[in-house]
1. Helix-only estimate, please: 222 nm mean residue ellipticity of the chain, summing -39500 (n - 2.57) across DSSP H runs of length 4 or more and dividing by its residues, to the nearest 500.
2. If the cut-off is 19 Å between C-alpha atoms, which lysines fall inside it for Lys131, apart from same-chain ones fewer than 8 positions away?
3. Can you find, among Gly128, Ser146, Phe271, the residue sitting farthest towards the positive end of the charge dipole of the chain, where Lys and Arg contribute +1 and Asp and Glu -1 at Cβ?
4. When a/c reaches 1.5 or more, the comparison of a/b and b/c decides; with that in mind, is the range 137-205 rounded, prolate or oblate per its Cα gyration tensor?
5. Determine which residues of the range 113-133 fall in the zone a paramagnetic label at Asp180 would reach in this model, i.e. backbone nitrogen under 20 Å from the point 7 Å along Cα→Cβ.
6. How do the peptides 97-108, 9-20 rank, highest first, by the average count of neighbouring beta carbon atoms within 10 Å per residue?
7. Going Cα to Cα from Lys56, which lysines come in below 30 Å? Please leave out same-chain ones fewer than 8 positions away.
8. Rounding to the nearest 20 debye, state how big the charge dipole of the range 12-85 is about its Cα centre with +1 on each Lys and Arg Cβ and -1 on each Asp and Glu Cβ.
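What follows is calculated from the coordinates using simple rules that are stated; it is not laboratory data. What you see is a predicted model; the values in this text were computed from it and never measured. Please note: Cβ atoms are built from the backbone with ideal geometry, for glycine as well, and neighbour counts cover all protein chains shown.
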Amino acid sequence: MPVRQLPASPSLDHLKYQAKDLRKNHAAHDPAAAQLLREFHPRFHNLTDRGIFAAKLSLSDAQLAIAREAGFPSWPKLKRRVEKPVESDRLDLKHHERITDPIFRRAVDLIDAGDAAALRAHLEQHPGLQKRRVVFEGMNYFENPSLLEFIAENPVRQGKMPANIVDVAKVILDAGVDKDAIDVTLALVATGSVPHACRQARPLIELLCDRGADFKDLGRTVALHGEMDALDALLSRGAKLDLPVAAALGRVEDVRRMLPRASGEDRHLAFALASQRAQIEVVRILLAAGERPSRFNPVGGHSHCTPLHQAAINNDFAMVRLFLEHGADLHLKDVLWRGTPADWAHHMGLTEMENFLRSQMKPATGAVS
């Protein structure tokens, strides 16, 4: 799920209260508390709601989950950020503006300017710069990027990229970079909106794949971000067509063929993807196979909410009605904003959807998975 970014002037006392509230919600068997712990506390990653509620949750456990939800690896790191902030902590600045290393910052500026020749000279003047990394705490991703990852414009910094970005990327690649930097950059390019808007996604994908990027298992990540052109490019290179990817694409026959041998985790993700991509026939198949519309989406798959939340903001009445026919809980609140599907519809100004959902609401069941 997205991290809950800190406000401009965070309060440590408020964060402590959040940890205490998490313990209270855990004791009250709140499904949203279970989902938060499942994603942000390593000890609870593979547990069901019932298993999480049966486990002891100490204050330090709750504080760790709150810190990780805010994008920090530990409570002491979060505490340092609140009590002794530095320039690189300023979340109101764009990422390149938060770089305190002037040599690294110059390289990023040359990337953004599309000045391949000057970038090559800069890298030659500063050996090893192409492998250097910067640290951005308090982020959902892009926490420790190397220089290559800045070519993807993901997260968005400028909202554009130079027309010769492929040539710029080649300069950095030719200087010699770590394999994991190539892998991460491919994922950033394939899931980013700016490369697609600038018609640079496919050329960059081809370049990074040619340079050894690991793309075989990237399909489901790209499907989750809805970048179907990038997904097509990866499949044409030989990326894996598994159950979640087939579900996102609405390949009904492939779904039927793969379903009997698929793991529970893959079925869960397939259900989330089919719901998000409005693949209603696939959703019907997965519902018949036992998937539940009131279960939170899996970790990495918009896990802060349920399929019903997303059907509501997609204004997808057919999907909403299908979920209600299968017992979807209209009272279940998302983890981040604590809103019901009707609240989400209200936020998006979908009055007809909001009114329909509220008209169907009955006393909450409080079911535990």
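1. Value at 222 nm, helices only, nearest 500: -15500 deg cm²/dmol.
2. Lys170, Lys179
3. Phe271
4. Numbers: a/c = 1.69, a/b = 1.04, b/c = 1.62.
It is oblate, given that a/c is not under 1.5 and a/b is not larger than b/c.
5. Zone members listed by number: 128-133.
6. Values: 97-108: 16.2, 9-20: 13.9.
Peptide ranking by packing, descending: 97-108, 9-20.
7. Partners found: Lys16, Lys20, Lys24, Lys77, Lys79, Lys333.
8. Numbers: 14 positive and 8 negative charges, 62 e Å.
So the dipole magnitude of the range 12-85 works out to roughly 300 debye.
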